[in-house]
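The structure under discussion appears below in the form of structure tokens.
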Amino acid sequence: MTTPLELPVFDAGAEPFRVAEAMRRAGAAVVTGVFDNETIERCAADLQPEFEARGKLQENDFNGYKTLRISSVLGYAPESAPLIAAPLVLGVVEQILKPHCHAYRIGSATGIEIWPGEGDQVLHTDDSIYPLRIPGVEFQIGVMIALTDFTEENGATRLVLGSHGTEDYFDEHAEPVSAVMPKGSVAFYLGSLWHAGGANHSDAPRMGLITTYALGWLRQEVNQYLAVPPDIARQYDPTIRRLLGYTKHGSSLGHGHVVGGARVPHNPEDKSDTGLDMWVWD
């Protein structure tokens, strides 16, 4: 008889490699207290207008009909950047992905607000968008940041621990555990882990920011160059630009230039508007 896995929980001082070790075993881990209340509140306030304007446009049987979703948050919510590029977050992502690529990139960055009355989402894996498996290689990692408290009652993300790396199935009798965590905490989970949003039986919405980070040689889930075009991307620091994909992977993958533009920048320091570096700043 196997011992049921428990969801590993760390505090904000945890070393990224320890979190990654726990994830390889359980498929997921929670780190509490990563972000202070002010940082979280700024991000939530930046997302709120988009939730109100377009949050219902992605309603369907999979996403739910009482759940608001907003995609590509870096295109309009710059206060999300400090969370998406936080050192601890990227430290854990690097432990999982960097052994299999020169660089990793954002696949998607989505705000999710589950409202009272929403039911359990169907269990699924995020890496099913890629039509193959490579044993021992994770194609992406999901990072859910709690912008409100996550509780069992209000729809905390449900995780089927130990289900990562399976083919097209998981143990139907396995009970998902809820990623219960206070606001400002982070739930990390492997792209091959079966998981889902939870039902909200409370009287208030729960809000989260979920970002997927993928191997740099894979097609990104969301076309970040359309979602966050150069005129917006150039307002971010080099870390965010690299995460969006405005960089080469290795020596040549992803290079490009503007049609009709100079092949080499006129000024070596100017990597924003001309020549070969238009799409490859960093």
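Every number here is computed from the coordinates shown, using simple stated rules; none is lab data. All values derive from a computational prediction rather than experimental measurement. Here the Cβ positions follow ideal geometry from the backbone for every residue, glycine too, while neighbour counts run over all protein chains shown.
General remarks:
- Meets criteria (surrounded by fewer than 18 Cβ atoms within 10 Å (Cβ to Cβ) and under 18 Å from the mean Cα position of the chain (by Cα)) for Trp194: no
- Taken together, the criteria exclude Ala20 from residues that are in contact with a strand residue (DSSP E or B) (Cβ under 6 Å, 6 or more places away or on another chain) and either within 24 Å of Gln140 (Cα to Cα) or in contact (Cβ under 8 Å) with a residue 24 or more places away in the chain (or both).
- Top-ranked residue in region 87-122 [being within 12 Å of the chain's Cα centre (by Cα) and of a type in the set (Gly, Ala, Ser); ranked as farthest from Glu50 (Cα to Cα)]: Gly107
One line per residue, one yes/no per condition, for (1) closer than 23 Å to Val160 by Cβ; (2) of a type in the set (Gly, Ala, Ser); (3) touching a residue at least 12 places away in the same chain (Cβ under 8 Å):
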residue	(1), (2), (3)
Ala28	yes, yes, yes
Val31	yes, no, yes
Phe35	no, no, yes
Glu38	no, no, no
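- Total residues in region 208-227, condition farther than 16 Å from Arg158 by Cβ and touching a Phe, Trp or Tyr at 6+ places or on another chain (Cβ under 8 Å): 6
- No other residue among Ile106, Ile96, Ile112 is of a type in the set (A, V, I, L, M), in contact with a helix residue (DSSP H, G or I) (Cβ under 6 Å, 6 or more places away or on another chain) and outside any helix (DSSP H, G or I) apart from Ile106.
- Counting the residues of region 60-74 that are under 15 Å from the mean Cα position of the chain (by Cα) and surrounded by 20 or more Cβ atoms within 10 Å (Cβ to Cβ) gives 5.
- Qualifying residue in region 8-16 (condition: crowded, with 20+ Cβ neighbours inside 10 Å, in contact (Cβ under 8 Å) with a residue 12 or more places away in the chain, assigned to a helix (DSSP H, G or I) and touching a strand residue (DSSP E or B) at 6+ places or on another chain (Cβ under 9 Å)): no
- Test: Glu94 is touching a Phe, Trp or Tyr at 6+ places or on another chain (Cβ under 9 Å), buried (at least 23 other Cβ atoms within 10 Å of the Cβ) and not β-branched (Val, Ile, Thr): no
- Restricted to region 221-256, and to residues there that are more than 20 Å from Pro87 (Cβ to Cβ) and touching a Ser or Thr at 6+ places or on another chain (Cβ under 8 Å), the residue that is surrounded by the fewest Cβ atoms within 10 Å (Cβ to Cβ) is Arg234.
- Output for region 61-85, where each listed residue is out of contact with any strand residue (DSSP E or B) (no Cβ under 7 Å at 6 or more places or on another chain), without any contact (Cβ under 8 Å) to a residue 60 or more places away in the chain and under 27 Å from Val19 (Cβ atoms): Ala77, Glu79, Pro82
- Reported count of residues in region 44-69, each being on the phi > 0 side of the Ramachandran plot and in a loop (DSSP other than H, G, I, E, B), is 0.
- Total residues in region 219-244, condition part of a helix (DSSP H, G or I) and of a type in the set (S, T, N, Q): 2
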